[in-house]
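The values are calculated or read from the model by the stated rules, or taken from the named source; none is laboratory data. Note that this is a predicted model, so its numbers are computed, not measured. Using ideal geometry, Cβ is built from the backbone for each residue, glycine included, and neighbour counts are taken over all protein chains shown.
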Amino acid sequence: MSVIAMRKEHLHDLPAETAGEAPSRPRAFLDLSGVSIDFPTRKGPFRALNNVSLKIAKGEFVSIIGHSGCGKSTVLNIVAGLYQATEGGAILNGREVNQPGPERAVVFQNHALLPWLTCYQNVELAVKTVFKGRKNKREMREWIEHNLKLVHMDHAMHKYPAEISGGMKQRVGIARALAMEPSVLLMDEPFGALDALTRAHLQDSVMEIQADLNNTVIMVTHDVDEAVLLSDKIVMMANGPAATVGEVLEVDLARPRDRLALASDERYNHFRSQVLSFLYERQRRPVE
Amino acid sequence: MSNKLINYLETAGLNWAVPVVRLCRGEDAHEQASELFTKVGLPLIAVLVFLLVWSVGASQVKTSLGVLPGPAAVWHQAVNLYDEHQAQREKADAFYQRQEERNAAKLERDPDAEIKWRDYTGKPTFFDQIGTSLLTVFTGFVLASLIAIPVGVACGLSPKLYGAISPLVQIFKPVSPLAWLPIVTMVVSAVYISDDPLFQKSFITSAVTVTLCSLWPTLINTAVAVASIDKDWINVGRVIRLNWRTQVFKIAIPAALPMIFTGLRLSLGVGWMVLIAAEMLAQNPGLGKFVWDEFQNGSSDSLGRIMVAVITIGIIGFLLDWLMVTLQSLLSHQKPAGH
């Protein structure tokens, strides 16, 4: 009962489209409409997501934040095409998403580098497949090296994943995704497994790359500071089961953003406290 | 330099030699000495105790072929077997030399003369028999691996196929080689008919029996390994849209390699055990036949010679296992060597 009440209560916070009307508006770059997903369980289907709608413009950096188990990664996996929505669906650039593909490259939470390949070979595997027939050998090599340079990993590109640190592995994971030249970059808690200092370094790198390439990015996170620092838009998810979008917060802080300057910035702290109050007052987890 | 050497030794499974290298390098002598004692000293003591118990125990047992041979008698027989091998080699060399001279002389007299080359047909020595056994076990093992790995990969990729094959695997896995052998013998006799056979029937029979028994560990391990690959790695392949072949060869097989190797190691161990039994019954000229012949021979030396064979079988089994472990640490990603 509380979840439904909450949803109604915050309906006015959402952009008008998400309520499910007005199909005549200009189409968004990435459009999720009425996405629901059921997972089969022994006790029958379990509804993990219910009627999630989102519109994302080109070049936008969007974070999805929420308590664990609220289905934020599920949303990402549906956009990636790794899960199929039970109802509704995603449209990217006018085409429906129904299978995974390199135009929606994924940065996995635990890097997912293949341990028997070097950093270079990990990126190469993607580049060779994605640019088959479009780039020659030399161009491919330059493109792989370019992307590794972008994440500051060119010095260790012939090392194996077991020989580099967790942060470095995640950098290579990002390079691999960027090397696919995706229309949307999907990051699933990319820095979740890293220590605070390494995480800050990587966040700065991501902002730097974002300023350069102006990618469309969706990032799942549970870190409030990370979400406010990096995003143009924060999608706050209400708790599951049958989780849905609770509230969308536009973060219109000027770029480039500097974490030190922002720490004492009034508007930054305002956004931050809005996310915090959503998560810890309105969506407080019931005591388990 | 010595670090590299230590690395090599560890890859080769020769951990006991590491303290020696460290001692030579001048590291803390006391610590390395105690390390050396646990790794080399204690096993050595165990062997000595075993030899003592054997030698005392054996002298108490009187068989119809005389007293059960102790370590000294067995060693004596090992030397004997080596001498016999040398003598046989000399005979063979002399035979070939005579043949060559004879044929050369024949050709000199008449360049068109028809000459014949004959193989030496002496009795195979103990060492020839080791060679035959190794060849047979490798043939059977390679044949088994060539079947088991592809079928295992296919089963790992398709749960339906695995479900279909699983009952057959469960039923045939526990069958003893001795039960297979009569069937294999009859089938080989019926199917393998050739005027100029490349291999002896007994060799084929033994190798096929080894194959039938060493298929299963590799097959099951490969299937389980491929089925339990990290989901993220598979998703990486899906996102890149790797084609089916690349997905199998670049992701599934390398990911499963450590477990496939464990399966291969078990298979080779099983194969070596099975081989001796198969050779005894199939009369393939290998170690199994050697043991059987000595048993039938029943001279006062026989028991000692059989014990030499038993120890040889054990040592070779151990070396085969060591070979597989070394190959595994060289080839699979869990321990990238040489980087």
| Any idea which of (1) under 23 Å from B:GLY70 (Cα atoms); (2) of a type in the set (A, V, I, L, M, F, W, C); (3) within 14 Å of chain A (Cβ to nearest Cβ) is the one B:VAL308 doesn't satisfy? | (3)
| task | Working carefully through the options A:ARG138, A:ARG47, A:ARG42, find the one that is farther than 30 Å from A:LYS159 by Cβ, without any contact (Cβ under 8 Å) to a residue 60 or more places away in the chain and away from chain B (no Cβ under 14 Å). | result | A:ARG42
| Of the residues B:ALA78, B:ALA104, which is among the small types (Gly, Ala, Ser) and under 30 Å from B:LEU320 (Cα atoms)? | B:ALA78
| query | In this structure, is A:ARG171 surrounded by 21 or more Cβ atoms within 10 Å (Cβ to Cβ), touching a residue at least 12 places away in the same chain (Cβ under 8 Å) and not hydrophobic (A, V, I, L, M, F, W, C)? | reply | yes
| request: Report yes if some residue within region A:188-198 is β-branched (Val, Ile, Thr), under 20 Å from B:ILE240 (Cα atoms) and more than 11 Å from every other protein chain (Cβ to nearest Cβ); otherwise report no. | output: no
| task | Only residues that are buried (at least 22 other Cβ atoms within 10 Å of the Cβ) and either among the basic types (Lys, Arg) or without any contact (Cβ under 8 Å) to a residue 60 or more places away in the chain (or both): list them for region B:218-249, please. | result | B:VAL236, B:GLY237, B:VAL239, B:ILE240
| message | When the residues of region A:108-128 are narrowed to those that are more than 14 Å from A:MET168 (Cβ to Cβ) and in contact (Cβ under 8 Å) with a residue 60 or more places away in the chain, which ends up farthest from the other protein chains (Cβ to nearest Cβ)? | response | A:GLN109
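Would you mind stating whether B:VAL184 is under 10 Å from B:GLY140 (Cα atoms) and either out of contact with any Phe, Trp or Tyr (no Cβ under 7 Å at 6 or more places or on another chain) or surrounded by 22 or more Cβ atoms within 10 Å (Cβ to Cβ) (or both)? Working first, answer last.
Numbers: under 10 Å from B:GLY140 (Cα atoms): no; either out of contact with any Phe, Trp or Tyr (no Cβ under 7 Å at 6 or more places or on another chain) or surrounded by 22 or more Cβ atoms within 10 Å (Cβ to Cβ) (or both): yes.
Criteria not met by B:VAL184.
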| remark: Over region A:238-254, the set of residues out of contact with any Asp or Glu (no Cβ under 9 Å at 6 or more places or on another chain) and in contact (Cβ under 8 Å) with a residue 40 or more places away in the chain is A:ASN239, A:GLY240, A:PRO241, A:ALA242, A:ALA243, A:THR244, A:VAL245
| message | Please go through region A:232-288 and give me each residue that is hydroxyl-bearing (Ser, Thr, Tyr), modelled with pLDDT of 90 or more and within 26 Å of A:GLY69 (Cα to Cα), ordered by number. | response | A:SER273, A:SER277
| task | Would you be able to say whether some residue in region B:123-130 is out of contact with any His (no Cβ under 8 Å at 6 or more places or on another chain), loosely packed, with under 13 Cβ neighbours inside 10 Å and more than 29 Å from B:THR209 (Cα to Cα)? | result | no
| note | The one condition A:ASN122 fails out of (1) surrounded by fewer than 21 Cβ atoms within 10 Å (Cβ to Cβ); (2) farther than 18 Å from A:VAL245 by Cβ; (3) among the polar types (S, T, N, Q) is (1)
| request: Determine whether B:ILE165 is under 30 Å from B:PRO254 (Cβ atoms), modelled with pLDDT of 90 or more and either of a type in the set (Ser, Thr, Tyr) or more than 25 Å from the chain's Cα centre (by Cα) (or both). | output: yes
| request: Find all pairs meeting these conditions: Cβ atoms under 6 angstrom apart; at least six residues apart or on different chains; first residue within region B:85-110 and closer than 26 Å to B:GLN129 by Cα; second residue assigned to a helix (DSSP H, G or I). | output: B:HIS85/B:PHE127
| field | Residue check, B:LEU323 surrounded by fewer than 18 Cβ atoms within 10 Å (Cβ to Cβ) and within 14 Å of chain A (Cβ to nearest Cβ) | value | no
| message | Could you check region B:187-205 and list, in sequence order, the residues that are surrounded by fewer than 20 Cβ atoms within 10 Å (Cβ to Cβ) and either over 27 Å from B:ASP128 (Cβ atoms) or of a type in the set (A, V, I, L, M) (or both)? | response | B:VAL187, B:ALA190, B:VAL191, B:ILE193, B:LEU198
| task | Return a yes/no flag: does region A:101-119 have any residue that is of a type in the set (Asp, Glu), touching a helix residue (DSSP H, G or I) at 6+ places or on another chain (Cβ under 7 Å) and closer than 30 Å to B:ALA255 by Cα. | result | no
| task | Run down B:GLY269, B:GLY263, B:GLY286 and say which single residue is under 25 Å from B:LEU68 (Cα atoms), in contact with a helix residue (DSSP H, G or I) (Cβ under 8 Å, 6 or more places away or on another chain) and touching a residue at least 24 places away in the same chain (Cβ under 8 Å). | result | B:GLY286
| region A:141-166: number of residues that are within 11 Å of chain B (Cβ to nearest Cβ) and surrounded by 18 or more Cβ atoms within 10 Å (Cβ to Cβ) | 2
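Yes or no, residue by residue, for (1) more than 22 Å from the chain's Cα centre (by Cα); (2) away from chain A (no Cβ under 14 Å):
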{"site": "B:ILE234", "(1), (2)": "yes, no"}
{"site": "B:ARG238", "(1), (2)": "yes, no"}
{"site": "B:LYS250", "(1), (2)": "yes, no"}
{"site": "B:LEU268", "(1), (2)": "no, yes"}
{"site": "B:ALA277", "(1), (2)": "no, yes"}
{"site": "B:ALA282", "(1), (2)": "no, yes"}
{"site": "B:TRP292", "(1), (2)": "no, yes"}
{"site": "B:ASN297", "(1), (2)": "yes, yes"}
| task | Specify which of the listed residues (B:ILE306, B:ILE253, B:ILE276, B:ILE313) is closer than 26 Å to B:GLY237 by Cβ, in contact with a helix residue (DSSP H, G or I) (Cβ under 9 Å, 6 or more places away or on another chain) and assigned to a helix (DSSP H, G or I). | result | B:ILE253
| Conditions: (1) under 17 Å from the mean Cα position of the chain (by Cα); (2) within 14 Å of chain B (Cβ to nearest Cβ); (3) not in a loop (DSSP other than H, G, I, E, B). A:LYS169 meets all but one. Number of the miss? | (1)
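Conditions tested, residue by residue: (1) in contact with a Ser or Thr (Cβ under 9 Å, 6 or more places away or on another chain); (2) at pLDDT 85 or above; (3) of a type in the set (Gly, Ala, Ser).
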position	(1), (2), (3)
A:MET1	no, no, no
A:ILE4	no, no, no
A:ASP13	no, no, no
A:ALA16	no, no, yes
A:ILE64	yes, yes, no
| query | Exactly one of (1) touching a helix residue (DSSP H, G or I) at 6+ places or on another chain (Cβ under 8 Å); (2) closer than 25 Å to A:VAL75 by Cβ is unmet by A:PHE131. Its number? | reply | (2)
| message | Every residue in region A:84-104 that is touching a residue at least 60 places away in the same chain (Cβ under 8 Å), small (Gly, Ala, Ser) and either farther than 17 Å from A:ALA57 by Cα or in a strand (DSSP E or B) (or both), please. | response | A:ALA90
| Is one or more of the residues making up region B:290-313 out of contact with any Phe, Trp or Tyr (no Cβ under 8 Å at 6 or more places or on another chain), over 29 Å from B:SER55 (Cβ atoms) and modelled with pLDDT of 90 or more? | no
| query | How many of the residues in region A:250-275 are farther than 18 Å from A:ASN214 by Cα and buried (at least 20 other Cβ atoms within 10 Å of the Cβ)? | reply | 2
